[in-house]
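Read through the structure below, which is laid out as structure tokens, and then see the notes.
The values are calculated or read from the model by the stated rules, or taken from the named source; none is laboratory data. None of the values given here were measured: they were computed from a predicted structure. Here the Cβ is made from the backbone with ideal geometry for all residues, glycine too, and neighbour counts use every protein chain on show. What goes into the accessible areas is simple: the full protein's heavy atoms, side chains included, and nothing from ligands, DNA or RNA. Shrake-Rupley method; radii C 1.70, N 1.55, O 1.52, S 1.80 Å.
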Amino acid sequence: MKYLNEIQRRRTFAIISHPDAGKTTLTEKFLLFGGAIQVAGAVKSNKIKKHATSDFMEIERQRGISVATSVMTFEYKGILINLLDTPGHKDFAEDTYRTLTAVDSVILVVDSVNGVEEQTRKLMEVCRMRNTPVIVFINKLDRDGKNRFDLLEEIEKELNISLHPMTWPINSGKDFKGVYNLYDKSLLLFSAHTKGDVDGLHIQDLTDPLVDDKLGERDAAQLREDIELIEGVYGVLNTEDYLKGLVAPVFFGSAINNFGVKELLDTFIRIAPPPQNRTTTIREVDVHEDKLSGFVFKIHANLDPRHRDRIAFLRICSGKFERNRFYYHVRLDKELRFSNPYTFMAREKSVVEDAYAGDVVGLFDTGNFKIGDTLTEGERFYFTGIPSFSPEIFKEVVNKDPMKTKQLEKGLLQLTDEGVAQLFTQYGGTKKIIGCVGELQFEVIQYRLLQEYGASVEFRTLPYYKACWITAKDAAKVEEFLRFRQANAALDKDGHPVYLAESEWYLNTEMRNHPDIEFHFSSEVHKG
Ligand code: G4P
């Protein structure tokens, strides 16, 4: 328990949203509150614009900027906050899923005009799998949005989580007058571009005529009615249920106007969990253990040929990380030490001397790391819950230069170690299949194979739509299935059997016809 104080004062989380809901804007406001940046606009450059076509070099350039914002550390009211950035572009969704394995909680931003969108759904699925505690911020109340009761119902239904309003809006769009804070019973009146640090008017009792003065009789009456209903239905937030991922507290506001953001942040530091215990392949690691443990959840490779460096991001799960000390790399069975580990502060990265559970350090890497690698002080285990999910697009790798076969194989292995894509090998054959979530990755792979490994490839589109990891109590059944379905069978990089389904119909048919085989939608089943 040597590091109890350091652990208790840390909160490690991510802000997630469908692109354009306001994640970047909210991030920036948080950083302003934390004093990590002084001016608005400092985080914006990190954003990969939707319209930035599919010119991935441009995207890479911008992604390069984003290395420094991968982890944003700032202090707010004595709490040390590590905010992990997630890429906005949907083709990098896998990066986001992996980042979610490294946080203890998330804030989900929902656009009040658009409601639940595709990416919101997917991200929440990952949070639900892990029971990650979620706080919801409903943004853009300054726009005419959906009816707020309808919106709550939509979010509850679509995201399969119970909500608990913490603030409640008074109108929206041009009639937006502010929010009522149900927790500390105060009224916050809206004005565009507030400094965001004003405290609300304390209202002991909503029947206070002051409410009519401030809102007008009609809106005051509506607010009283709404609040009575909400308090009747929801009662007091049960923090335990939030921590178990069963209930999500909800805030309303307008990020661009810095409105409702302070209420969100204040509640966040009050209820969000400090770094938690984590399960490994052999035992649970208590966050308070003195010995270091941590895992790599992201690898960033620089595509600039003049700076061909990689940074592996290590989430610390217990103990203390110290610069220049030797740690045990479990997979390589080797002691490594790091002379220049980084921490990050807004756009600056600086060398760190020590770090604790909940922190993320950037390790300069020359090819030692792959996603999921674990560092310890000698014990052998891997952290579980860092799964690969099924890719959505599958292509066969066609080698255009047989003289470079060796380089191609090496390149494919290394790039997939970084998590750029997933690699499968045809069952009973040698055909290499790449699976990604976005078309952009194929461009990245083709370019990097040529630039870094001298291997020239083309891709041939395959008709699969999903990869399922298959297992059975009786291993012979899996063998039999693979032989029988050879055209749709492959092995993942670790040699685990995978069924590549061409459509939902085929998948359902196979599942029905083979009740003794289990179909899994993530690779997690193979750990633990
Ligand atoms: P993202 O990271 O989730 O993709 O979203 P981002 O914060 O970049 O916000 C997307 C757009 O929504 C931005 O406008 C931003 O200014 C706007 N926005 C964010 N919060 C609010 C809000 O509370 N109210 C309103 N009305 N708009 C909001 P943009 O035009 O795409 O970019 P920019 O030109 O403002 O940079």
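When residues in the range 72-90 are screened for being open to solvent by less than 10 Å² (accessible area, probe 1.4 Å) and within 16 Å of the ligand (Cβ to nearest atom), 4 of them pass.
Evaluation of residue 411 against the conditions (1) part of a helix (DSSP H, G or I); (2) open to solvent by 10 Å² or more (accessible area, probe 1.4 Å) shows that the sole unmet condition is (2). Checking each residue in the range 238-262 for being more than 13 Å from residue 22 (Cα to Cα) and open to solvent by 20 Å² or more (accessible area, probe 1.4 Å) picks out 238, 239, 240, 241, 243, 244, 246, 247, 262. Of all residues in the range 279-304, those satisfying the criterion of being among the aliphatic types (A, V, I, L, M) and assigned to a loop (DSSP other than H, G, I, E, B) are 282, 287, 292, 303. Of the residues 121, 224, 218, the single one that is within 16 Å of the ligand (Cβ to nearest atom) and surrounded by fewer than 19 Cβ atoms within 10 Å (Cβ to Cβ) is 121. Going through (1) open to solvent by less than 70 Å² (accessible area, probe 1.4 Å); (2) over 27 Å from residue 370 (Cα atoms) one by one, residue 524 falls short only on (2). One residue stands out among those in the range 13-55 that are part of a helix (DSSP H, G or I), modelled with pLDDT of 90 or more and not charged (D, E, K, R): the one that is farthest from the ligand (Cβ to nearest atom), which is 30.
Results for (1) over 19 Å from residue 502 (Cα atoms); (2) surrounded by fewer than 21 Cβ atoms within 10 Å (Cβ to Cβ); (3) among the hydrophobic types (A, V, I, L, M, F, W, C), shown as yes or no for each residue.
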position: 441; (1), (2), (3): yes, no, no
position: 447; (1), (2), (3): yes, yes, no
position: 469; (1), (2), (3): no, no, yes
position: 473; (1), (2), (3): yes, yes, no
position: 479; (1), (2), (3): yes, yes, no
position: 487; (1), (2), (3): no, yes, yes
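Among the residues of the range 263-284, the one identified as more than 21 Å from the chain's Cα centre (by Cα) and buried (at least 23 other Cβ atoms within 10 Å of the Cβ) is 263.
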